[in-house]
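Working notes, structure below.
Bear in mind these aren't lab numbers, they're just calculated from the coordinates by the rules spelled out. Note that this is a predicted model, so its numbers are computed, not measured. Positions of Cβ are generated from backbone atoms using ideal geometry, with glycine treated the same way; all protein chains shown enter the neighbour counts.
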């Protein structure tokens, strides 16, 4: 009888261990490594939502060991930082942006990796499919049909040709070009892909595009992301309308940003991390993403370009910036 009771106690204790771990066992801290691709404002919004959601579910930042690194837009630095994280053998990783995600996926093969915001994680080679990632990565996508970006732009200004600035070799940036090309015919817009190899090329590129396109579209990451303020200033000087799917670029002067809420992206990434804390494998956790889009409008830029924004459009905007 004593053996039976002893066995039952042991069994019950083992059943409680996962629950205790999820609630945060005193003295045992989760070790989380965070790698940012660059300094874009959206990554800070992602992390704000991420930590808020974790805290709301019993994992405040102060109760975890968190190491954060930033590649500052450099692929080589991202690889070096990922190598360092692999040596430290953290419990799990959060990676923000494609460069960080690709670098970490090459170095860490077992520990769970949660990524965000990745426009097309399949095209980036991070997962086999959105429904079944199939490896140690899962996370949150900010991808959607680019028709949902083009149509609101056409309500603000005549749009026949759209120059799309992208960084060669940055998979997320290239995927956005493809996404726009896929909907160009149905939207009645000509897409002009424009590779940008360095920030120094931004001014001359905008001068070259004058008269060839009405607007320039800024994809995310790489040279375009690091040079967004320079690109936008140069575009405005040439009378080109700067547009994007990244709402944080509107604060830099883009006329319109039509995309997802980046704080919500962070909260969704935390939901994925919580699933990992429960013991689920990323291979079986579907990649998710928000369904609703937000519209950010810069009225100061509209005035500079002589664009009269309809009152109804202003009412429908999520946020108006000046």
Give me the angle, in degrees from 0 to 90, between the Cα long axis of helix 2-23 and the longest principal axis of the Cα atoms of the chain, rounded to the nearest 10. 20 degrees
Divide the volume of the convex hull of the Cα atoms of segment 186-227 by its number of residues and quote the answer in cubic angstrom per residue. 77 Å³
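Determine the gain in length on full extension of the stretch residue 237-residue 91; use 0.36 nm per residue of separation and subtract their C-alpha separation, reporting nm with one decimal. Could the numbers behind the result be given before it?
Working: separation 146, 0.36 × 146 = 52.56 nm, distance 4.88 nm.
Net length gain for the segment: 47.7 nm.
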Can you tell me the 0 to 90 degree angle between the C-alpha axis of helix 228-237 and the longest principal axis of the chain, rounded to 10? 10 degrees
With springs connecting C-alpha atoms under 10 Å apart, model the chain as a Gaussian network and identify which of 192, 118, 265 has the largest mean-square fluctuation. 192
On a 0 to 90 degree scale, rounded to 10, what angle separates helix 171-187 from the longest Cα axis of the chain? 50 degrees
Computed E for residue 76/residue 207 - FRET, C-beta separation, R0 30 angstrom, nearest 0.05: 0.45
Between the modelled labels at residue 300 and residue 129 (7 Å from Cα along Cα→Cβ) the distance in nm is 4.8 nm
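Could you tell me what percent of the DSSP beta bridges with both partners in the chain are antiparallel, to the nearest 5? It would help to have the intermediate numbers written out before the result.
Values: 4 of 44 bridges.
Of those bridges, close to 10 percent are antiparallel.
Based on the mean of other beta carbon atoms within 10 Å per residue, what is the order of 229-241, 245-257, most packed first?
Details: 229-241: 19.8, 245-257: 24.8.
For the peptides 229-241, 245-257, the packing ranking is 245-257, 229-241.
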When Cα extents along the principal axes in Å is calculated directly from the model, which label among (i) 57, 41, 40; (ii) 88, 42, 34; (iii) 75, 42, 39 fits? (ii)
Given the Cα-Cα distance of residue 320 and residue 185 and 0.36 nm per residue of separation, how much length would full extension add, in nm? 45.6 nm
Under the 0.36 nm per residue contour assumption, what length would be gained going from the current alpha-carbon distance of residue 52 and residue 106 to full extension? 16.6 nm
Need the C-alpha centroid separation for segment 167-192 versus segment 258-290, integer Å. 26 Å
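Work out, in µm²/s and without decimals, the Stokes-Einstein translational diffusion coefficient of segment 175-322 at 10 °C, 1.306 mPa s, Rh from Kirkwood over C-alpha pairs.
Values: Rh = 17.1 Å.
The Stokes-Einstein estimate is 93 µm²/s.
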What's the percent breakdown of Cα-Cα distances in segment 261-321 across 10 Å bins, shortest bin first? 18, 32, 19, 17, 12, 2
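To the nearest 0.05, how large is the calculated FRET efficiency for residue 307 and residue 68 if R₀ is 30 Å and r is the Cβ-Cβ distance?
Calculated value: 0.15.
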